[in-house]
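Each remark here refers to the structure printed beneath this line.
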Amino acid sequence: MDRVKSSMQQVPNAIPKVIRRTGGANSLELEKENFEKGQAVSINKAINTQEVAVKEKHARTCILGTHHEKGAHTFWASVNRLPLSSNAVLCWKFCHVFHKLLRDGHPNVIKDSMRNKADLTDMSRMWGHLSEGYGKLCSIYLKLLITKMEFHIKNPRFPGNLQMSNRQLEEAGENDVNNFFQLTVEMFDYLECELNLFLSVFSSLDMSRSVSVTAAGQCRLAPLIQVILDSSHLYDYTVKLLFKLHSCLPADTLQGHRDRFQEQFKKLKSLFYRSSNLQYFKRLIQIPQLPENPPNFLRASALSEHISPVVVIPAESSSPESEHVVETDDLVDTDIPVLPPAVETKFDDLFGTTAAVDPFNFNNQNGMRKDDKDRLIEQLTREIQSLKEELESFGLESGRLCQALRGRVNELEAELAEQSHLRLQAMGEAEFLKAELDDLRRVREDTEKEQRSVTEIEKKAQANEQRYTKLKEKYTELVQSHADLLRKNAEVTRQMTVARAAQDEVEAVRREMQEKVKAAQEAADRQENTQQEQLQELQRELLSSRTELESLKSTVTSSQQSSEALSTQVSVLESEKAELVQSLSKVEAELTVRGEELQQAQSSLSTERESGVKTAEALQNQLNEKESREQALESQLVSARWCSLQGAVKEAERIIHDSLAQIEDPAHISCTSSADYLVSRCQASLVCIDRLPPALATFMVDNTAVSELVRALTQCGHLVGDTIVQGSATSHMVPVEKADALSESVKTCAAEALTLLGTMKQRESMSSADISKLKATLHLILDTAEKLRPRGLELQQGELGDLVEQEMAATSAAVESAAARIEEMLNKSRAVDTGIKMEVNERILASCTELMKAIKELVLSSKDLQRDIVEGGRGAASMKEFYAKNSRWTEGLISASKAVGWGATVMVDAADLVVQGKGKFEELMVCSHEIAASTAQLVAASKVKADKDSPKLHRLKQASRGVTQATAGVVASTKSGKSQIEEKDTMDFSSMTLTQIKRREMDSQVLVLELETRLQKERERLGELRKKHYELAGVAEGWGEEEEGTS
């Protein structure tokens, strides 16, 4: 009433009187016209070219207008008249207001706005040509708004402000994992657009200055409040959906989702932190802080640690009255003179006209004036209208708050119910654990008894192991002695060669000495002849001298001087004669010494010849003795090989006789088996029998190759005996007619096996051994078992237990068969390949063997843990009832076992092709990764119901880590082998011109683009294949049936 009185006092007497229109004015049309004018004024004031933030009151008026008309027709009618394509600031403020309408406006705003989607797209493309300023920001903002509209159109359950409870989020996915998968992808795209706008705004600002306190900076930062509100909800829903997907799908399938979430988490956390430090946001919004590390989706319990980020907007400090007054003052149009009365100011501001320029003010034209009563009625009408608008806005605000409070109450009630359910579940688990503890105590007593029996069995096994070790040592000694004899033979041969060489050298020395003696004798003869000739010449000269002396003596009297000369000459000749005699005596002494040396050399040569002959005779005797000893050892080794072969034959006969005795035992009637396991045993037996002929042929050619034949006979005996027992056990589960036929086939198989083994007891009959009859009998058993296998996928609940045991047994058989094939491939590779290829093949096959051992250990650990779970959880019920009660868990075990067995078989095939040089190394690496994933699935399926403190669970985890390490070893050896085998060609650029190099460069770029295109297509194809795989897996596992049952 006070407000009415004050309004009455403010009304001037000079207010022009409005004459009613002819025929009566329609109040609804007048109200609509006034509403449209008010909305146009608010929109024009909110969206203008001034670089300041949009005022909240103008945006709130636009939001209330959409709720008033239940749509956005008026908004778009006003916006379409604005030049959004010519002014970037105007377009930026339009995006801000439109974002507010999409969030807080009427739900029909999104539907009405989809009509303008094409115009918004063109405008975004147009502004995208600008690389900086508001143009680039407008392009990114428009893309965000288009993405938001498309998201809400595809997912109508999500409101514009994205506020939903957990139950509503579950209902949005319609309990379908494919819908949740697609919804997560769409949320990732939505959040990516939000983050792009966030980053673009921050990158366009100079953060070194206090931009948040300037009008231009606030104009750019204001829309980020809506982005923060949307991003907090999208982050929360993405986390919850990823935990939901990880509970339904394998972890490796969602690797892309996790990588994308990690990237967006880092960006969002950084942007939230940067925004919280800005002064502008501190007084308008409370920004949440994300955790230090992203959630661990591989751990299901991490969902309870997740805290939903809550964005808090502080309450406005001003009262509605004061706000209304301020709004009235701010809404004054500065282009029109302000009238003194407050009522006239408000009226003019809302409708953009005054009494002086009102075209419908007929009173002013006619010079007529209203009386006080009419003015009061008009004043009160306007007051009532404004109060109605305020009341409606308050009602909408209170309704929104009530809806939010109801949603919060529903969430709290759901959390309370969940906590109550968890408390009841914990009490039930406590009671279950008490009962399980009692069962474990009883099981421990039984285990102690079984342990004693196992100890006795281990003692027997140790005795057998010792026997085997002794035989192995004896065989090793024989092989070692044979090798020693071969080395000694080689040594004797070498010594004989050395002796013969020494004898040849002695002969050569003797011949050389003889030649030297002959040469010395010839030289001595020649020197003696020369000296004799010189002596004769001297004698002749002496005679001539004597004659001359006589002549001289006759003439001595002639000259005394000539006589002295002659006497001197005579003395000289005598001295020469003495020297010649002395040299002759020296030559004769030298000849005597040379003769003695020759006699000594001849005596030593004869002595050495006699000793060489004796040594050669002794060495020949030793060689003959060693050859005889080697022949004796060779005969012993041949007899030992034959004895080991006969031992293997006898052992195989004993196994088959034992199998026949078992099926004749009355206690065997209670034993049963499945046709699937019988098929696996028959197939393994046929594979082993096919190895007999080549091993037998090798042994007939070379009797040293007995190890492969012994191994094949032993394995064949075990597998055929197992086939006989399992065939008889399977006959107990089938009708009488088929059971009789199967029993006869089994007995015929045993008889044929014994006949085949009997032919191998004699050397003469081994060449005539025929395996065709035994193979035909096994094929007959295999065909019978194939006919007995259940058809289709429909299984009764009672058969789940048998199927689990069969699949685990089949997995073990597949792993054993794979290990045997790998060993066979390794032997073939050693016999055929050489050099680097043999080294690479041995390393790859060795790592595959280690992986098979690790998988076998994992399967055994899983079977033990499964048996422990069944014994501890079934209570008084039977094993089949326990499997029927936990059918989903049982189907998971079956699926995991099939995947492991299939993976082992495929990996062996890939390894075989790689060793032969026909396969790819990448196939082997992919198979290794598939085996790792399958074993992880088997571990998860095995430990889902296990006690966390169970020692068998600990053993299973260790086996799983062993498989992971072995898989890594296979991948590492494969990569290493690939790098060794592949040759890297280096290009020769010496003879290439610039044009040729440029041409090669262009060809390489074309090839790179083609390969990138192929890679992208293959990735898309892989995604489609995985999606189809999930659909087929859902059909096979009965997801649809489970949903129908729950609904």
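The values are calculated or read from the model by the stated rules, or taken from the named source; none is laboratory data. Note that the structure is predicted; figures quoted are calculated from it, not measured. So basically every Cβ, Gly included, is an ideal-geometry build from the backbone, and we count neighbours across all protein chains shown. Surface accessibility is based on the protein's heavy atoms, side chains included, excluding ligands, DNA and RNA. Shrake-Rupley method; radii C 1.70, N 1.55, O 1.52, S 1.80 Å.
List the pairs from Lys37/Lys388; Lys787/Lys918; Lys244/Lys267 whose alpha-carbon separation is above 28 Å, in the order I gave them.
Working: Lys37/Lys388 17 Å; Lys787/Lys918 36 Å; Lys244/Lys267 23 Å.
Table pairs above 28 Å Cα-Cα are Lys787/Lys918.
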For Gln286, what residues show an amide H to amide H distance below 5 Å, using hydrogens built from the backbone and excluding near sequence neighbours? Val312, Ile313
Rg to Rh, two decimals, where segment 122-242 supplies the alpha carbon set and Rh follows Kirkwood: 1.04
Given 422-429, 769-776, the highest-first ranking by average Cβ count within 10 Å works out to 769-776, 422-429
Measure up Lys828/Lys957; Lys154/Lys266; Lys856/Lys943 against 26 Å on the Cα-Cα distance and list the ones that go over. Lys828/Lys957; Lys154/Lys266
Accessible-area order (highest first, 1.4 angstrom probe) of the listed residues Leu956, Leu401: Leu401, Leu956
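Taking the highest mean first, how do the peptides 740-751, 454-465 order by number of other beta carbon atoms within 10 angstrom per residue? Let's see the in-between values first.
Working: 740-751: 18.7, 454-465: 10.3.
Packing proxy ranking, top to bottom: 740-751, 454-465.
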What are the extents of the Cα atoms of segment 15-144 along their three principal axes, listed from largest to smallest and rounded to whole Å? 58, 32, 24
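Greater than 29 Å separation of Cα atoms is the criterion. Which listed pairs, Lys459/Lys650; Lys111/Lys143; Lys863/Lys1028; Lys32/Lys282, meet it?
Working: Lys459/Lys650 23 Å; Lys111/Lys143 17 Å; Lys863/Lys1028 31 Å; Lys32/Lys282 40 Å.
Too far apart for the 29 Å limit: Lys863/Lys1028; Lys32/Lys282.
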How much of the accessible area of segment 161-308, in percent, comes from carbon and sulfur atoms when a 1.4 Å probe is used? 48 percent
Could you give each residue of segment 173-189 its phi-based ³J(HN,Hα) in whole Hz, using Karplus coefficients 6.51, -1.76, 1.60 with θ = phi - 60°, and x for Gly or Pro? x, 6, 6, 10, 5, 5, 5, 4, 4, 5, 5, 5, 4, 5, 5, 4, 5
